[in-house]
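Report on the following structure.
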Amino acid sequence: MDAAEWDERYRGTELLWGAEPNRFVAAELAGISPGAALDVACGEGRNAIWLASRGWVVTGLDFSAAALDRAGRIAAQAGVANQATWLRRDVVHDAYPTGPFDAVIMAYVQLTAAERRESMKRAASVLASGGTLLVVAHDSTNLTDGVGGPQDPDVLFSPVDVVADLADFADISIEKAERVRRPVATPDGERFAIDVLVRARRR
């Protein structure tokens, strides 16, 4: 989907992803002292706004103007507008803010392998010394063993793929790389989606 299609999708619903932060983002970053954070493909800003509410200064990137407009409104309603900056950027082709950032989040940035490697490289490049890079995504096995998410195998990947994407960064250590299950309510009852969870840190 291109930016115009995402604009239409965001305008077609009140909150596409809900107001609460992703459960894995909240669990992995809750214990980290606030600093500067970059939310790559931030959408409506749920993770960025959660971080801002905990004292972080956050920059959110997305190529959907509709999503960023909504993120700005929600941040203002939450009283954290002065701690959040929203930039319209294509996270594959456009430059990222130079940072450095104490946390970089890539939550459900589902791209082809070449695009994913490029965006991962850009994200890692702006990570501060001691900073955390957190990747959460729909896993490749979700297509057959999970529920929901993209049905295009070309944009699904595994924790092993993310580790390989970061292999050229000798000063970045992998602290966690695993598949995790996320409960999803369906008409047939609760089922589980399978996600990638990778947490890395610049030494």
**Selection from segment 96-120 of residues that are over 14 Å from the mean Cα position of the chain (by Cα) and farther than 21 Å from GLY35 by Cα** = THR112, ALA113, ALA114, GLU115, ARG117, GLU118
**Fill in**
Restricted to segment 28-42 and to residues being under 29 Å from ALA185 (Cα atoms) and more than 14 Å from the chain's Cα centre (by Cα), the residue surrounded by the most Cβ atoms within 10 Å (Cβ to Cβ) is ALA30
**Asked** Residues in segment 137-156: is at least one modelled with pLDDT under 95 and either open to solvent by less than 10 Å² (accessible area, probe 1.4 Å) or within 21 Å of LEU29 (Cβ to Cβ) (or both)?
**Response** no
**Prompt:** Using beta carbons and a limit of 8 Å, which pairs, at least six apart or on different chains, have the first residue in segment 159-185 and over 22 Å from ARG23 (Cα atoms) and free of Cβ contacts under 8 Å to residues at least 60 places away in the same chain and the second one open to solvent by 70 Å² or more (accessible area, probe 1.4 Å) and assigned to a helix (DSSP H, G or I)?
**Reply:** ASP165/ARG117; ASP165/LYS121; ASP168/LYS121
**Request:** Would you check which residues across segment 150-203 are over 18 Å from the mean Cα position of the chain (by Cα), assigned to a strand (DSSP E or B) and acidic (Asp, Glu) and list them?
**Result:** GLU190
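Rundown of residues vs (1) assigned to a helix (DSSP H, G or I); (2) surrounded by fewer than 23 Cβ atoms within 10 Å (Cβ to Cβ); (3) not aromatic (Phe, Trp, Tyr), yes/no style:
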{"site": "GLU44", "(1), (2), (3)": "no, no, yes"}
{"site": "ASN47", "(1), (2), (3)": "yes, no, yes"}
{"site": "ALA52", "(1), (2), (3)": "yes, no, yes"}
{"site": "ALA66", "(1), (2), (3)": "yes, yes, yes"}
{"site": "ILE74", "(1), (2), (3)": "yes, yes, yes"}
{"site": "ALA95", "(1), (2), (3)": "no, yes, yes"}
**Failed criterion for LEU143 (all others in (1) part of a loop (DSSP other than H, G, I, E, B); (2) without any contact (Cβ under 8 Å) to a residue 24 or more places away in the chain hold)** = (1)
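The values are calculated or read from the model by the stated rules, or taken from the named source; none is laboratory data. Being a predicted model, the structure only gives us computed values, none of them experimental. Neighbour counts are summed over all protein chains in view; Cβ atoms, including those assigned to glycine, are modelled from backbone coordinates with ideal geometry. What goes into the accessible areas is simple: the full protein's heavy atoms, side chains included, and nothing from ligands, DNA or RNA. Shrake-Rupley method; radii C 1.70, N 1.55, O 1.52, S 1.80 Å.
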